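Everything on this sheet refers to the single structure shown next.
Read the figures in this text as sums done on the coordinates, not as results from a lab. What you are looking at is a predicted structure, and each value in this text was computed from that prediction instead of being measured. For neighbour counting, all protein chains shown are included, and Cβ atoms are generated from backbone atoms with ideal geometry for every residue, glycine included.
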Amino acid sequence: MRTIRTIKFTAVVALLLSATSCKKDFLDVNVDPNNPTKATVDLVLPTALGYSAYNLGNPYQVLGGYWGQIWTQGPTGSQFQSYDQYSITSSTFNAQWVNMYAGPLNDLKYIIEEATKDGNTNYIAVAKIMQAYIFQVMTDLHGDIPFTEALQGGKGVIAPKFDSQQDVYDGLIKLVNDGLAAIDEATTVHPGADDFFYHGDMHQWRKFANTLKLKIYLRQAYVRPTVAQAGIQAMYTAGAEFIDQGDEAAVPFSNVTFNQHPLFAHITSVGEFNILASQTALGSLLALNDPRVDVFYKRATAAPNTGNHVGIVQGNGRNLPNPATLNDRQFSKPGAAVGGPGGPAARVIFISEAESYFLQAEAVARGWGTGDAEQLYYDGIALSFLSWGLTITQFNTYASQAAIDFPVAGTTDDKIKAIIFQKWTSFCGSQNVEAWTEWRRTGYPNIFTVSATSNIGNVFPVRLLYPDSEVTSNPNTPPQKTVTDKVWWDVNTTGQN
């Protein structure tokens with residue numbers, strides 16, 4: 001039996017809905033207290049984190065769910081049929097591009113500027129670390145993006161250049177390093193309830209930044225292995241700490257209207273019949289007797305499948321016999337814990353404890369980090385179980401199967417294949433973009449099947465397009481891509497089709 005190495009139970013941090021208010025000089029007749037032109041950083045930070053969660057937890061989450069083969073379109077719906085068909089356009093994610101740049105990225109820039117004036121280094125640290133996180137999401141989705149000249153509209157830069165993805169990645173490391181350098185764990189001046197992740201615990205922010213930095217380096221493992229190796233080895237030499245149990249970075253939601261999980265709210269709006277289980281992910285969970293299946297998916301509630309988990313082959317929903325007569329309750333839907341039906345109080349996860357351990361396991365398996373890759377692998381699985389309310393006993397039963405054994409005597413690629421499969425499994429329904437992105441990076445898990453309704457032939461989509469807002473207004477936008485054009489670090493999807 002395998003047991004998790006470190007168990008440190010901590011209380012679940014509840015989302016605080018209130019924030020401190022800024023002082024108003026009511027004797028100043030030149031200031032309208034009802035329409036302030038400035039806000040304090042403690043009011044802007046929760047907006048930046050919350051709005052990031054809304055975008056990551058709904059539109060991007062759905063796209064990652066379809067292209068990461070976790071979900072597929074139901075037979076009686078059509079809301080996301082274009083995702084299954086791989087036929088998105090330059091308008092599909094236009095709003096999200098605008099929202100991320102004009103929203104959280106700009107909010108975080110504002111925090112950096114205001115906190116710099118006040119010498120509030122911990123707010124600077126949080127803002128720079130989160131900018132790195134969001135910019136990585138954007139470049140991983142679109143490739144080259146505005147970076148060095150982004151967010152400079154106030155200085156007259158209305159047509160920012162697009163930086164190469166390689167240059168963006170170098171800039172991400174600098175952003176994280178600058179954030180780490182700004183952390184002051186000794187001072188009492190730091191975020192509080194406005195920090196949805198850690199309530200101002202800057203040591204946890206340090207671990208989050210290190211884990212993000214490790215992820216940034218590993219993303220380059222195939223395209224720039226020398227750079228990735230040197231960066232990771234330097235982190236281990238410096239004694240970097242990573243996210244451990246109790247350190248998950250997530251924004252929790254509640255049952256309160258307008259504060260509900262964004263995916264739940266969207267499903268409630270467009271209908272539960274659209275997003276159903278992909279047989280790719282559901283079938284792999286069932287084949288391994290994985291008890292997380294009841295966390296990630298609901299059981300069917302209509303005959304002839306009542307009480308069972310039933311998925312649909314990717315993209316095949318509209319091809320089923322007499323699809324209009326089928327009942328969506330005959331199939332499995334996303335579980336409440338991941339924001340599916342019945343899950344308004346689910347959380348949007350930015351970096352999980354399990355992800356941290358799988359990142360470390362890969363670093364060690366490649367010979368770039370120190371530690372025990374096998375133990376880190378099993379700890380990652382165990383932390384996934386615990387984070388979803390399952391038990392160590394259930395983990396031990398699952399891990400005792402030969403199919404779960406870590407290939408200690410195998411090749412490096414064998415080890416990475418095992419690690420990424422378990423990472424993809426742990427992401428199911430909650431970190432879907434990362435699940436799809438890790439498949440693009442590594443080619444694992446190698447069980448994906450081209451959508452039955454693909455409009456691009458026997459190939460997979462591997463990127464998003466440049467949005468209309470940029471194409472029409474920024475002359476520096478590169479020539480438009482197609483969904484089959486690989487991003488810079490993707491060297492493994494060739495041959496997958």
*Got a sec to turn the phi values of segment 404-410 into Karplus ³J(HN,Hα) couplings, 6.51 cos²θ - 1.76 cosθ + 1.60 with θ = phi - 60°, whole Hz, x for Gly and Pro?*
9, 3, 6, x, 4, 8, x
*Take the alpha carbon atoms of segment 389-405, find their center, do the same for segment 335-367, and report the distance between the two centers in whole angstrom.*
17
*Can you list the aspartates and glutamates whose alpha carbon sits under 18 Å from that of residue 155, skipping same-chain ones fewer than 8 residues off?*
107, 113, 114
_Counting other beta carbons within 10 Å of each residue's own, what order do 235, 100 fall into, fewest first?_
235, 100
_Share of pairwise Cα separations in segment 133-247, more than 23 Å, in percent_ = 40
*asked:* Exposed loop sites here are trypsin sites (Lys or Arg not before Pro) in DSSP loop states with at most 10 other C-beta atoms within 10 Å. What is the longest stretch of the chain lacking them?
replied: 39-497
_Descending semi-axes in Å of segment 255-323, equivalent ellipsoid built from Cα gyration tensor_ = 23, 17, 12
*If you rank 124, 392 by fewest surrounding Cβ atoms within 10 Å, what's the result?*
392, 124
*Nearest 10 degrees, 0 to 90: what angle lies between the long axis of helix 225-237 and the longest principal axis of the chain (Cα atoms)?*
70
_Förster-model FRET efficiency, 30 Å R0, residue 256 and residue 306, C-beta, rounded to 0.05_ = 0.40
*Just subtract the alpha-carbon distance of residue 480 and residue 447 from 0.36 nm times their residue separation and send over the number in nm, one decimal.*
8.9 nm
*Taking a threshold of 24 Å on the Cα-Cα distance, which of the pairs 207/486; 117/207; 215/417; 109/174; 333/423; 109/207 fall above it?*
207/486; 117/207
*Solution diffusion estimate, µm²/s, Stokes-Einstein, segment 164-216, Kirkwood Rh from C-alpha pairs, 10 °C, viscosity 1.306 mPa s*: 132
*Mind jotting down the three principal axis lengths of the chain based on Cα atoms? Whole angstrom, largest first.*
71, 50, 44
_segment 386-464: radius of gyration and largest Cα-Cα distance (Dmax), Å_ = 15.2, 45
*Give the distance, in whole Å, between the Cα centre of segment 250-271 and the Cα centre of segment 128-201.*
27
*Any aspartates and glutamates with Cα under 18 Å of the residue 481 Cα? List them, leaving off those in the same chain fewer than 8 positions away.*
140, 144, 163, 468, 470, 490
*Collect residues whose amide H, placed 1.01 Å from N in the peptide plane, falls under 5 Å from the amide H of residue 145; neighbours closer than 5 in sequence don't count.*
163
*From the backbone phi of segment 370-375, what are the Karplus-calculated ³J(HN,Hα) couplings (6.51 cos²θ - 1.76 cosθ + 1.60, θ = phi - 60°) in whole Hz, Gly and Pro given as x?*
9, x, 10, 4, 4, 5
*In deg cm²/dmol, rounded to 500, what helix-only [θ] at 222 nm does the chain give when every DSSP H run of at least 4 residues adds -39500 (n - 2.57) and the total is split over its residues?*
-13000 deg cm²/dmol
*Please report how far the C-alpha centroid of segment 71-117 lies from that of segment 293-319, rounded to the nearest whole angstrom.*
28
_Neighbour-count ranking [beta-carbon atoms within 10 angstrom, fewest first] of 351, 243, 173_ = 173, 351, 243
*Once you have the Kirkwood Rh of segment 134-189 from its Cα pairs, apply Stokes-Einstein at 25 °C and 0.890 mPa s and quote D in µm²/s.*
193
*asked:* Between residue 411 and residue 269, what is 0.36 nm times their sequence separation minus the Cα-Cα distance? Round to one decimal in nm.
replied: 46.3 nm
*If the label point is 7 Å along Cα→Cβ of residue 161, which residues in segment 134-150 have backbone nitrogen under 11 Å from it?*
147-149
